[in-house]
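Worksheet for the structure shown next.
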Amino acid sequence: FGDRMYISNATGCSSIWGGPAATSPYCTDKNGHGPAWANSLFEDNAEHGLGMYLGQEATRNRLADLTRQLIAVEYTDEAIKAAGQKWLDTMEDGAANKSASAEFIASMESVVSARGDCDCDACKLAREILKDKEYLEKKSVWIFGGDGWAYDIGFGGVDHVLASGKDVNVFVFDTEVYSNTGGQASKSSNIGQVAQFAAAGKETKKKSLAEIAMSYGYVYVAQVAMGANPAQTLKAIQEAEAYHGPSLIIGYAPCEMHSIKGGMTNCQAEMKKAVECGYWNLFRFNPAAETDKFIVDSKEPKEEGYRAFLMNEARYSRLTREFPDRAETLFKRNEEVAMDRYQHLLKLKAMYDEK
Ligand SMILES: Cc1ncc(C[n+]2csc(CCOP(=O)(O)OP(=O)(O)O)c2C)c(N)n1
């Protein structure tokens, strides 16, 4: 969606790797179109992204009124009328509206340039619409940030934006800590995980942000892990973008703060292990789907391997050296909670299948 994408990025690791001029991961295509990116504050990123959307919505609604007036002018060129109607009909459909916008713009530009400064109603309306032609095409609005933002400090905003029903997409890079400021525990951190403010291992369960969002019933929600299943990740991104309403994707993101054995070169492989042992689950909840509204994409966790997964990361293994008894208790609970969570997801699936 890069050529029509707007990104609002919360402060954190993603604004650091997303922002630097020398190594920006974003680029433009041959037409000079690429993502428009902005970083507001850590605490108000969801609202900032919603603001981007609302600005576009207001401008596009005004353009739609002008287009209806233009079509209603009797002598307006037939090609402009047809292109204008097609643009109106596809207004909320990102993919279809792209070519419809280009066609509408081209039809108006050719007539307006041929007629010079003619002041008939049709020419005046077309010139007015063309002033804001960059807003005709439906944009893809994305709100990016980490778990410290989405689960904790910016949660009120994330909740407000998801509840609004507006067509924006939230993508959370879930590292289970505030990574960019040195690894403080967040509500996304897991039982037994050692982090700042949880030096003896976190005692409480990870918050289920996905289920909170699902409870609205009109929010598209997915959990993904690229290294475990790239096709499912891509599918979730496509479905979220196509959904005419708010979407939330939570992506598992191994991080330097996890101290994975062998280092971050094993990042993608670590995601795969996390999903295979049931530490992280893949699923998609699509309110627009006629059947299979809730799909669990990850398989039943393997019987062995959970503890080995934890021990492969020093954010867990260091607890066994410092507090061996406590480590045993917390790691056991971590595993039990993970196994229960998978069974809970299957129950949710059965419930949605029955509805
Ligand atoms: C209001 C406010 N408080 C604190 C900070 C400092 N700060 C910048 S990034 C960050 C942590 C971000 O953590 P998270 O949202 O989990 O993203 P990650 O770095 O893990 O991607 C903090 C606390 C800030 N920029 N603004």
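Annotations for the structure displayed:
- Among the residues making up the stretch 1-21, those that are in a loop (DSSP other than H, G, I, E, B), within 17 Å of the chain's Cα centre (by Cα) and of a type outside the set (Phe, Trp, Tyr) are 10, 11, 12.
- Residues in the stretch 99-120 that are open to solvent by less than 80 Å² (accessible area, probe 1.4 Å) and either in contact (Cβ under 8 Å) with a residue 60 or more places away in the chain or within 30 Å of residue 238 (Cα to Cα) (or both): 99, 100, 101, 102, 104, 105, 106.
- Flag if residue 123 is touching a Lys or Arg at 6+ places or on another chain (Cβ under 7 Å), open to solvent by less than 50 Å² (accessible area, probe 1.4 Å) and either modelled with pLDDT of 95 or more or hydrophobic (A, V, I, L, M, F, W, C) (or both): yes
- Selection count where residues are open to solvent by 50 Å² or more (accessible area, probe 1.4 Å), farther than 24 Å from residue 50 by Cβ and within 16 Å of the ligand (Cβ to nearest atom), scope the stretch 9-38: 0
- Restricting the first member to the stretch 73-84 and to residues that are surrounded by 14 or more Cβ atoms within 10 Å (Cβ to Cβ), and the second to residues that are aromatic (Phe, Trp, Tyr) and assigned to a helix (DSSP H, G or I), the beta-carbon pairs closer than 7 Å and six or more apart or on different chains are 83/104; 84/104.
- In the stretch 22-35 there is no residue matching the filter, namely being modelled with pLDDT under 95 and assigned to a helix (DSSP H, G or I).
- Near pairs, Cβ below 7 angstrom, 6+ apart or cross-chain, from the stretch 2-23 (on the phi > 0 side of the Ramachandran plot) to any residue that is in a strand (DSSP E or B): 12/145; 12/146
- Pairing each residue of the stretch 213-233 that is open to solvent by 40 Å² or more (accessible area, probe 1.4 Å) with any residue that is among the small types (Gly, Ala, Ser), provided the two are 6+ apart or on different chains, yields C-beta distances under 8 Å for 216/163; 218/165; 218/245; 226/251; 229/298.
- In the stretch 172-186 there is no residue that is closer than 21 Å to residue 56 by Cβ, open to solvent by less than 50 Å² (accessible area, probe 1.4 Å) and either within 16 Å of the ligand (Cβ to nearest atom) or touching a residue at least 12 places away in the same chain (Cβ under 8 Å) (or both).
- Options 166, 138; residue that is open to solvent by 20 Å² or more (accessible area, probe 1.4 Å) and assigned to a loop (DSSP other than H, G, I, E, B): 166
The values are calculated or read from the model by the stated rules, or taken from the named source; none is laboratory data. Please read all numbers here as calculations on a predicted model, not as lab measurements. Glycine also receives a Cβ, built like all others from the backbone with ideal geometry; neighbour counts cover every protein chain displayed. We work out accessible area using only protein heavy atoms, side chains counted, and drop any ligands, DNA or RNA first. Shrake-Rupley method; radii C 1.70, N 1.55, O 1.52, S 1.80 Å.
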